[in-house]
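The values are calculated or read from the model by the stated rules, or taken from the named source; none is laboratory data. Just so you know, these numbers come straight off a predicted model, no measurement behind them. Every residue, glycine as well, gets a Cβ built from its backbone with ideal geometry; the counts of neighbours run over all protein chains shown.
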Number of protein chains: 2
Amino acid sequence: MRKSGFFLALALSLVTATPVVAQMDVEDQINTRQSAFTFAAWNMGKIKSQAIDGDVAYNEQQMLAAANAIASVANSGLGALFGPGTAMDKNDNTKLKPEFFDKPEKAREVAIGFAQAATKLQEVAANGGDKAALAAQFSEVGKSCKACHDEFRAE
Amino acid sequence: MRKSGFFLALALSLVTATPVVAQMDVEDQINTRQSAFTFAAWNMGKIKSQAIDGDVAYNEQQMLAAANAIASVANSGLGALFGPGTAMDKNDNTKLKPEFFDKPEKAREVAIGFAQAATKLQEVAANGGDKAALAAQFSEVGKSCKACHDEFRAE
């Protein structure tokens, strides 16, 4: 059911602007993508607390739920929330650099990187919940976040 | 891997305030829970567009991704974001009624209702993606949202 190839295909199809829902206005796109990332970050924080920092007791079920959440964000078709006119040159409430729209290949690459890393995180969490393996893949997801931030997010 | 019983147990454990992450401040709890619901609502909108209204072409993979997203929110341990002091009597930016804290049994009931309905939605989407079945379960998820709004959300 959760084949990486499937999610990769999904990520690809969504990054390339297949319609998913009736077009949202700019404000809604920005608010919704920020919400998606906030939700993902909360769940990344749970894994950090339990698998890296150890300040909360490790709980396999909670780690799987967190990984499911992060993967569901990464595979949700975020590309639909990065439509024309949603960068910081035209809006005060986003840090998206306008260069995003000049580099569709790079945008696709970082989106696929996030989807692949998060789907693998979900697989690791579902596959026995080994703490060290989860921590290692958490680091890979973090790198995939950073790859996009470095390229397309203003300081 | 995705047994309803598992998710029910998870929902229960999280509603009853098992620590998941180091305690967040009130502002973060409100912002994060609103983000989670915004992300879920966006994905509910996709299913509405494709399986109910039909204004966007039906796509099984997109419906599965949307159902995964909604289920991941419902099973993410939202109870941790409804801590003491996060209702509208003490904050301007939430519609959570203070009664929420007087009715823990009811709060648990609506949280479990959402988790069960959303997990079933995910199962329906994963199990062949039948449009009518998805539409029917979408309606059940909507009812579970309304059950909480009616009880605990101000107009």
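Condition (residue is farther than 26 Å from residue A:40 by Cβ and either surrounded by 20 or more Cβ atoms within 10 Å (Cβ to Cβ) or touching a Phe, Trp or Tyr at 6+ places or on another chain (Cβ under 7 Å) (or both)) applied to the stretch B:61-78: is it met by at least one residue?
no
For the stretch A:98-109, indicate whether the set of residues that are among the acidic types (Asp, Glu) and within 14 Å of the chain's Cα centre (by Cα) is non-empty.
yes
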For residue B:18, which of the numbered conditions (1) modelled with pLDDT under 95; (2) of a type in the set (Ser, Thr, Tyr); (3) more than 24 Å from residue B:108 (Cα to Cα) fails to hold? (3)
Looking at B:49, B:35, which one is facing another protein chain (nearest Cβ under 7 Å), closer than 30 Å to residue A:57 by Cβ and of a type in the set (Ser, Thr, Tyr)? B:35
Per the filter on the stretch A:20-60, residues assigned to a helix (DSSP H, G or I), surrounded by fewer than 22 Cβ atoms within 10 Å (Cβ to Cβ) and among the small types (Gly, Ala, Ser) are A:41, A:45, A:49
Filter result for residue B:137 (free of Cβ contacts under 8 Å to residues at least 24 places away in the same chain, more than 10 Å from chain A (Cβ to nearest Cβ), buried (at least 19 other Cβ atoms within 10 Å of the Cβ) and under 26 Å from residue A:80 (Cβ atoms)): yes
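Quick grid of which residues meet (1) of a type outside the set (Phe, Trp, Tyr); (2) assigned to a helix (DSSP H, G or I); (3) over 16 Å from residue A:72 (Cβ atoms):
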{"position": "B:80", "(1), (2), (3)": "yes, yes, yes"}
{"position": "B:86", "(1), (2), (3)": "yes, no, yes"}
{"position": "B:110", "(1), (2), (3)": "yes, yes, yes"}
{"position": "B:115", "(1), (2), (3)": "yes, yes, no"}
{"position": "B:133", "(1), (2), (3)": "yes, yes, yes"}
{"position": "B:149", "(1), (2), (3)": "yes, yes, yes"}
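Kindly provide the set of residues from the stretch B:96-110 that are under 22 Å from residue B:45 (Cβ atoms) and either surrounded by fewer than 15 Cβ atoms within 10 Å (Cβ to Cβ) or within 14 Å of another protein chain (Cβ to nearest Cβ) (or both), ordered by number.
none
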Given the condition of a type outside the set (S, T, N, Q), surrounded by 21 or more Cβ atoms within 10 Å (Cβ to Cβ) and within 14 Å of chain B (Cβ to nearest Cβ), answer yes or no: does some residue in the stretch A:80-95 qualify? yes
Run residue A:56 past the list (1) touching a Pro at 6+ places or on another chain (Cβ under 8 Å); (2) within 26 Å of residue A:25 (Cβ to Cβ); (3) free of Cβ contacts under 8 Å to residues at least 24 places away in the same chain and report the number of the one that doesn't hold. (2)
